Amino acid sequence: MNIDWKNYKPILIPAIKDLHKIDVYEKNGGYKALKKVLSGKSKMTPEEVVNEVKDANIRGRGGAGFNAGLKWSFMPKPDGGPRYLACNGDESEPGTFKDRKIFEYNPHSFIEGAIIAAYAMQIQTIYVYIRGEYRDFIDMMDVAISDAYKKGYLGKDILKSGFSVDMYTHMGAGAYICGEESSLMNSLEGKRGYPRVKPPFPAQKGLWGRPTTINNIETLANVPLVINNGAKWFKGIGAETHPGPVLYGISGHVNRPGVYEYPTGMLLTDLINEVAGGVPGGKKVKAVVPGGSSTPPLRGDSLDGVRMDADSLREAGSMMGTAGICVVDETVDMVDFTWRISGFYHHESCGQCTPCRDGTGWLEKTLDKIRRGDGEMRDIDLLYEICTKMEGRTICALADAAAWPVRYALDRFREDFEARCKKTVYALA
Amino acid sequence: MAEIIIDDKKFEFEEVGKVLQFILDNGMDLPFFCYHPSLSIPANCRQCFIEAGQMVKDRESGEYELDEDGNPVIRWFPKLMTACSLDMADGMVIKTHVTSEKVKVAQADTLELILINHPLDCPICDQAGECPLQIQTYKYGPEGSRFEHKKVHKPKRIQLGPRVILDAERCINCTRCVRFTDEVSKTHQLSIVSRGDKNYPITAEGQVFDDPYSLNTVDICPVGALTSADFRFKARVWEMNQTPSIDVTNGKGVNIDLWTRDNLVMRITPRFNKEVNDHWMPDIGREAYRLFNENRVSKPIIKLDGDQVRSSWNNAFMTVSEKISSVKSDEILLIGSPYASLEDNYAFQNWFNRLGVSDVYFTPHIEKGYGDDLLLVDDHAPNTNGCKALGFKEVDAKKMAKLLSDESYKAVFILGDDLLSRVDIDDSALESKYLVSFATNHTETTKKSDLVIPITSSAEHIGSYINVDERIQRTIPAKETMYTNRKLDLEMSMGRLDHFGTKFDNWVSDKNRVDCIPAWEVLVRIGNEMNLEFNFASPQDVLEDITDKIPALENVSYDRMDKENGIALKLSAPKSVTT
Amino acid sequence: MSKEYTFDKDDLKKIEEIKSRYPEVTPAVMPVLWLAQDKFGHVEPAVQKLVADTLGLPQAHVQGVASFYTQYYKKEKGKFVLDVCTSFSCQICGGYEILDHLENKLGIKAGETTEDGMFSIQSVECLGACGYAPMLQVTNDKYVNNLTTEKVDSLIENLKQGKMPEFESIPMPQHETES
Ligand SMILES: Cc1cc2nc3c(=O)[nH]c(=O)nc-3n(C[C@H](O)[C@H](O)[C@H](O)COP(=O)(O)O)c2cc1C
Ligand code: SF4
Ligand code: SF4
Ligand code: FES
Ligand code: FES
């Protein structure tokens, strides 16, 4: 696969001045996709929209990488009662800072995508859940939403099509777990952000017990591109099994950190060395976390040929996640790095499930012990065991997300851990 | 019929329920904490792990596919499942810890994780002995602790309300208590606060946990995080005997257990009855344990020159028989009781009938607005319907006052009831009469009585009570009187002393036995004195007489009441059809 | 002495508008807690009670929600709350050094408030600005990115004079090269 990324021009967030303003957005082809779907000769039925999006294979940009159109098709037939779309802008996974670029620079692409999604699933209410720390971005979204109402893209009888939908922002208040879709629903319902037991799945029983679909902000922002240019065109971008443009958030030890838009399937090494300008001071890459803190860290010396798409990353022993890439140079001790990740999950566990509630703390405390120089070799085995006690045994995936970075850091950077552990010496009394 | 295979055994089922409930219903074991059959299912403790799979059916033939060895092909769920939240399905295959090493390990893992932040202060914990965490750790837990870090500290000994105390460090976050106040009592007084391993349940700051059902949270808390302020440190569970009984402080007839030690009732807890009270009971009903222990009338009391003094039983019986002989039958006023058992009321009625007194009056104890939507009803008495079934004449308090002040009555007999506390009557109106009361406790009524005959309480006798919903249920003796002997009375639950002659037992002393006799038996004995043909030998005898005579009670027996958890009656005679 | 907290007419109007966005009243609890915190600076139990009473929700529920989310201040904090991100990208880019610097400068530890009630410091999880590490957020509001100790010093000076930082727009590098 060859990606001519050097000549790539952003399409999801194109470089157009003041694109966040609705007039500018419209002048540059904005809301064309919505018009195409809702009016004129090109008018599409909801099923046609679902099928087109399914065919385009927009894989969820929130972390799980699930085909958005396929997810939409799980919604039951309308029964006259309310149905909901919850847009996930919680963006709280360490290393992830990309949806905010959409809020700031191209909010209407997301709004347009969400309206089309609502139409496709016959939904009347859209909530946009945004983390509470993004106060400024929420304000921007509120302005954009209100502009869209004024122009008649939201509200009653949109473009005289008979289709109506409302959109509201909902502000989080500091809880990573609320990015998990069922926790997000509980949070929206004004409850503690406890993930729900599945089944029932959101499409069957979501917000207020009604059919609901949850999509990431970036996922939805891709929808107008698909409608305007067709699924076939979209599938031609980037990796075959994981197509489309993607927002790569690059952080850590690189010369030019930031959010970049390129096709999927980029070589990790290109992203680090070319796009982000390499590691400061010419230091070696020790580790890369490719898709947010939940994704297993890769060794810096095993990055050759690893591409940013689901298949390639699986092969390399990690995941695409949110495409938030954290680059770690050779000066960092992986014990400290892993300890801090564990601290995050310990802090963010909602506390429902025993393995997660007590396991995350045990991981952090054990790593801290090693970090302080009090660790023993058996603590490394213990860490593995705690991971096993947590993985696959909880209501949501946070426990897995907490265990994997530890398990894989131990697997791939064992020398760092061993170096910090005391060699137990048995003295003869 | 649908089939499910559990640990290689085949079971049939009709109704699709949860796998855990089915396992328990069929007498198998599986450890669990957060699940409660009468609450929503959060599946948060992750203790009830099982392996689950589905036998694969051939699309065309509809038969189960077989592998080369002729065994059914099973598609296993990739992860361990929680049995509490898993719906049963036809062709489902389940492996518990009995047949799956993986399950066994996972169950021990969860217990190890629960215990890392648990204080392990069982020696000073009230829950010890009936603690699911303790029991399951013995059965399924890991051997030692490998947790070497500081445990998370949380508030301890917090008085949440008048009756419940919280030790948040012992809490395992099962959320049963919160779900109870949200879903059953609906006071919403508890919530989990904070997040992660800092989580614990508590009331809002400044709010008192005065939920009238608050003590149910103590019952369902699977650890010693919630304990009863009253019962705390009073007795160890293994020192007590548990006897099924009926609440006699309200017309609902909540099913309860009486917990006794040395002939004292130490506490009362609800007993499951789907038809009456599910798993719950109001806090107020639990206070009744005091009624059985305190302020009891022990030995007859007689009024001499205005003073109440103790008397012998013989003297009491003679006094009654003399009194009765000295008055005419229409000078006797009989007052039955919605608080007394059906057997006692019937014996009372039947005994006096033989003396030519036919009418028995009673005044229900109803307080409008007292009831709630859950388990408390306006009727304070357990057996109002029993009185009605026996054809007693129902009069309200005003009318009762009138009857009591009626000069034509010379002797009044009041059965087991503090009648005078709810009937407004001047003392002087009673002066001209001889007042005999059959009583369990000292009350306003006994204070004014010329003769008080101590009778057994529902904790000491067999008695049936018909609740407001016309359900007849019965009690079993839980404590001895001076005259009962648990070794002879086979109805009583026995302790280790009885079985094995060991002194390390709940029955270590003969103290606290009340000098009282069941009302029906008192009447038999006075009858003997008077040569009256009244020869019941047991409450069973009395009940059989009742069931013979009253059609609505036909076929009622203790055996049926026990087996069927009480019997729903149809008391109200069918309305006559007017043509 | 506990203060009396009340919502005025405008607040109540806003609350009605908030309620109208949802099919039932419970979902209003988070936005109304925010509204209360913006107004009173915290959501101490007395404020939680006000929110509960205003919405007709159980007080315990409001407390359960308020205590789940870290951005609600269940206790009054300093006038400026400095939330220093120490999650992994910030950790490796000097987040802890910034925290140390702040602690030394203000003479308090993370989790504490200066005696004059001006500043509180907290070590917090990822704020979604990983590419601009190390960074901090001021009182649930503005982000200050790409911190250096000098930048921290001038921030403190400005805050002391009541000058809040401005919103900083950080374009995508591709846009910068294009325009
Ligand atoms: C612990 C946890 C945190 C998550 N956080 C986020 C998040 O912040 N944003 C997001 O879009 N998805 C997040 N997800 C994924 C969502 O559950 C869900 O899969 C996603 O929003 C669906 O949208 P998509 O299919 O468009 O990606 C999280 C999942 C888990 C398990
Ligand atoms: S896995 Fe952790 S975060 Fe997820 S529901 Fe369980 S306790 Fe909560
Ligand atoms: S106090 Fe008891 S019942 Fe309540 S959550 Fe804790 S362990 Fe469960
Ligand atoms: S009983 Fe708690 S998870 Fe099943
Ligand atoms: S790690 Fe600090 S902002 Fe993301």
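Scan the stretch A:322-340 and give yes if some residue there is in contact with a helix residue (DSSP H, G or I) (Cβ under 7 Å, 6 or more places away or on another chain), among the acidic types (Asp, Glu) and assigned to a loop (DSSP other than H, G, I, E, B), otherwise no.
Yes, the stretch A:322-340 has at least one match.
For the stretch C:108-154, give me each residue that is acidic (Asp, Glu), under 27 Å from A:Phe103 (Cα atoms) and surrounded by fewer than 24 Cβ atoms within 10 Å (Cβ to Cβ). Give the steps one after another, and end with the answer.
Applying the first criterion (acidic (Asp, Glu)) to the stretch C:108-154 yields C:112, C:115-116, C:125, C:141, C:150, C:153.
Checking the rest, the ones that are also under 27 Å from A:Phe103 (Cα atoms) come to C:125, C:141.
Result: C:Asp141, single match.
Does B:Ala429 meet the test of being aliphatic (A, V, I, L, M), in a helix (DSSP H, G or I) and modelled with pLDDT under 95?
yes
Of a type outside the set (Phe, Trp, Tyr), within 16 Å of ligand 5 (Cβ to nearest atom) and either within 9 Å of another protein chain (Cβ to nearest Cβ) or more than 19 Å from the chain's Cα centre (by Cα) (or both): which single residue out of C:Glu97, C:Glu24 fits that description?
Only one candidate qualifies: C:Glu97.
Take the residues in the stretch A:124-140 that are β-branched (Val, Ile, Thr) and more than 9 Å from chain C (Cβ to nearest Cβ); name whichever of them is nearest to the chain's Cα centre (by Cα).
Restricting to residues being β-branched (Val, Ile, Thr) and more than 9 Å from chain C (Cβ to nearest Cβ), the top hit is A:Ile130.
Considering only the stretch A:56-104, state which residues are part of a helix (DSSP H, G or I), within 14 Å of another protein chain (Cβ to nearest Cβ) and either within 11 Å of ligand 1 (Cβ to nearest atom) or crowded, with 24+ Cβ neighbours inside 10 Å (or both).
Those that are part of a helix (DSSP H, G or I), within 14 Å of another protein chain (Cβ to nearest Cβ) and either within 11 Å of ligand 1 (Cβ to nearest atom) or crowded, with 24+ Cβ neighbours inside 10 Å (or both): A:Asp99, A:Arg100, A:Lys101, A:Ile102, A:Phe103.
When only residues in the stretch B:157-185 that are under 19 Å from C:Gln63 (Cα atoms) and loosely packed, with under 15 Cβ neighbours inside 10 Å count, which is farthest from ligand 4 (Cβ to nearest atom)?
Ranking the qualifying residues of the stretch B:157-185, first place goes to B:Gln159.
Name every residue in the stretch B:341-361 that is among the hydrophobic types (A, V, I, L, M, F, W, C), free of Cβ contacts under 8 Å to residues at least 40 places away in the same chain and under 13 Å from B:Gly391 (Cβ atoms), in order of residue number.
From the stretch B:341-361, those among the hydrophobic types (A, V, I, L, M, F, W, C) are B:342, B:347-348, B:351-352, B:355, B:357, B:360; that's our starting set.
Next, only the ones that are free of Cβ contacts under 8 Å to residues at least 40 places away in the same chain stay: B:357, B:360.
Hit for the stretch B:341-361 is B:Val360, nothing else.
Taking helices (runs of 4 or more DSSP H) that do not extend beyond the stretch C:12-87, which have at least 2 residues that are more than 29 Å from A:Tyr345 (Cβ to Cβ) and free of Cβ contacts under 8 Å to residues at least 12 places away in the same chain?
Here the list reads C:45-55.
Could you grab me the full set of residues in the stretch A:290-316 that are of a type in the set (A, V, I, L, M), closer than 13 Å to A:Leu271 by Cβ and touching a residue at least 60 places away in the same chain (Cβ under 8 Å)? Step through it out loud before you land on a result.
Going through the stretch A:290-316, the residues of a type in the set (A, V, I, L, M) turn out to be A:298, A:303, A:306, A:308, A:310, A:313, A:316.
Narrowing further to those that are closer than 13 Å to A:Leu271 by Cβ: A:298, A:303, A:306, A:308, A:313.
Of everything in the stretch A:290-316, those that are of a type in the set (A, V, I, L, M), closer than 13 Å to A:Leu271 by Cβ and touching a residue at least 60 places away in the same chain (Cβ under 8 Å) turn out to be A:Leu298, A:Met308.
Select from the stretch A:168-210 the residues that are hydrophobic (A, V, I, L, M, F, W, C) and more than 10 Å from every other protein chain (Cβ to nearest Cβ) and write down the one among them that is surrounded by the fewest Cβ atoms within 10 Å (Cβ to Cβ).
A:Phe201
When both residues are 6+ apart or on different chains and their Cβ atoms are under 7 Å apart, which pairs have a first residue that lies in the stretch B:29-56 and is free of Cβ contacts under 8 Å to residues at least 60 places away in the same chain, and a second that is more than 6 Å from ligand 4 (Cβ to nearest atom) and of a type in the set (Asp, Glu)?
Partner pairs satisfying both residue conditions: B:Val56/B:Glu65.
For every residue, the table says whether it meets (1) in a loop (DSSP other than H, G, I, E, B); (2) at pLDDT 95 or above; (3) within 25 Å of B:Arg290 (Cβ to Cβ).
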{"site": "B:Met492", "(1), (2), (3)": "yes, no, yes"}
{"site": "B:Thr502", "(1), (2), (3)": "yes, no, no"}
{"site": "B:Asn506", "(1), (2), (3)": "yes, no, yes"}
{"site": "B:Ser509", "(1), (2), (3)": "yes, no, yes"}
{"site": "B:Leu532", "(1), (2), (3)": "yes, no, no"}
{"site": "B:Leu543", "(1), (2), (3)": "no, yes, no"}
{"site": "B:Thr547", "(1), (2), (3)": "no, yes, no"}
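Of all residues in the stretch B:20-45, which are more than 13 Å from every other protein chain (Cβ to nearest Cβ), away from ligand 3 (no atom under 12 Å from the Cβ) and out of contact with any Phe, Trp or Tyr (no Cβ under 7 Å at 6 or more places or on another chain)?
B:Gln21, B:Ile23, B:Leu24, B:Asp25, B:Gly27, B:Met28, B:Asp29, B:Leu30, B:Pro37, B:Ser38
Hey, any hits in the stretch B:78-86 for a residue that's closer than 24 Å to A:Gly392 by Cβ, within 16 Å of ligand 3 (Cβ to nearest atom) and at pLDDT 95 or above?
yes
Could you grab the pairs with beta carbons closer than 7 Å, sequence gap of 6+ or different chains, first residue in the stretch B:437-463 and assigned to a strand (DSSP E or B), second one buried (at least 24 other Cβ atoms within 10 Å of the Cβ) and among the aromatic types (Phe, Trp, Tyr)?
Every condition considered, the pairs that remain are B:Ile453/B:Phe438; B:Ile455/B:Phe438.
Of the residues in the stretch B:545-560, how many are closer than 17 Å to B:Gln349 by Cα and in contact (Cβ under 8 Å) with a residue 12 or more places away in the chain?
Residues that pass the stated criteria total 4.
Please give the strands (runs of 3 or more DSSP E) falling wholly within the stretch B:182-256 in which 1 or more residues are at pLDDT 95 or above and within 14 Å of chain C (Cβ to nearest Cβ).
Filter on the stretch B:182-256 gives B:190-193, B:200-203.
For C:Lys105, state whether it is surrounded by fewer than 18 Cβ atoms within 10 Å (Cβ to Cβ) and away from chain B (no Cβ under 14 Å).
yes
Whether any residue in the stretch B:62-69 is on the phi < 0 side of the Ramachandran plot and surrounded by 18 or more Cβ atoms within 10 Å (Cβ to Cβ) is what I want to check.
Taking every residue of the stretch B:62-69 in turn, none turns out to be on the phi < 0 side of the Ramachandran plot and surrounded by 18 or more Cβ atoms within 10 Å (Cβ to Cβ).
Here is a list of conditions, (1) modelled with pLDDT of 95 or more; (2) within 34 Å of the chain's Cα centre (by Cα); (3) more than 17 Å from B:Cys221 (Cβ to Cβ), and B:Ile114 meets all of them except one; can you say which number that is?
Every listed condition holds for B:Ile114 apart from (3).
Here's a check for you: in the stretch A:371-386, which residue that is hydrophobic (A, V, I, L, M, F, W, C) and within 11 Å of chain B (Cβ to nearest Cβ) is farthest from A:Phe413 (Cα to Cα)?
If we take residues in the stretch A:371-386 being hydrophobic (A, V, I, L, M, F, W, C) and within 11 Å of chain B (Cβ to nearest Cβ), then A:Ile386 is farthest from A:Phe413 (Cα to Cα).
For B:Arg146, all conditions in the list (1) away from every other protein chain (no Cβ under 11 Å); (2) more than 16 Å from ligand 4 (Cβ to nearest atom) hold save one; what is the number of the exception?
Going through the list (1) away from every other protein chain (no Cβ under 11 Å); (2) more than 16 Å from ligand 4 (Cβ to nearest atom), B:Arg146 breaks only (1).
B:Asp8 fails exactly one of the following numbered conditions: (1) away from ligand 4 (no atom under 14 Å from the Cβ); (2) closer than 29 Å to B:Ile172 by Cβ; (3) more than 26 Å from the chain's Cα centre (by Cα); (4) not aliphatic (A, V, I, L, M). What is the number of that condition?
Tallying (1) away from ligand 4 (no atom under 14 Å from the Cβ); (2) closer than 29 Å to B:Ile172 by Cβ; (3) more than 26 Å from the chain's Cα centre (by Cα); (4) not aliphatic (A, V, I, L, M), B:Asp8 fails exactly one: (2).
Going through C:Lys109, C:Lys163 one at a time, which residue ends up being closer than 28 Å to A:Glu348 by Cα, assigned to a loop (DSSP other than H, G, I, E, B) and not acidic (Asp, Glu)?
Exactly one of C:Lys109, C:Lys163 is closer than 28 Å to A:Glu348 by Cα, assigned to a loop (DSSP other than H, G, I, E, B) and not acidic (Asp, Glu), namely C:Lys109.
Tell me which of these B:Phe32 doesn't satisfy, since it passes every other one: (1) modelled with pLDDT of 95 or more; (2) of a type outside the set (Ser, Thr, Tyr); (3) touching a strand residue (DSSP E or B) at 6+ places or on another chain (Cβ under 8 Å).
Going through the list (1) modelled with pLDDT of 95 or more; (2) of a type outside the set (Ser, Thr, Tyr); (3) touching a strand residue (DSSP E or B) at 6+ places or on another chain (Cβ under 8 Å), B:Phe32 breaks only (3).
The values are calculated or read from the model by the stated rules, or taken from the named source; none is laboratory data. What you see is a predicted model, and the numbers here were worked out from it, not measured in a lab. With ideal geometry, Cβ positions are generated from the backbone for all residues, glycine too; neighbour counts draw on all protein chains shown.
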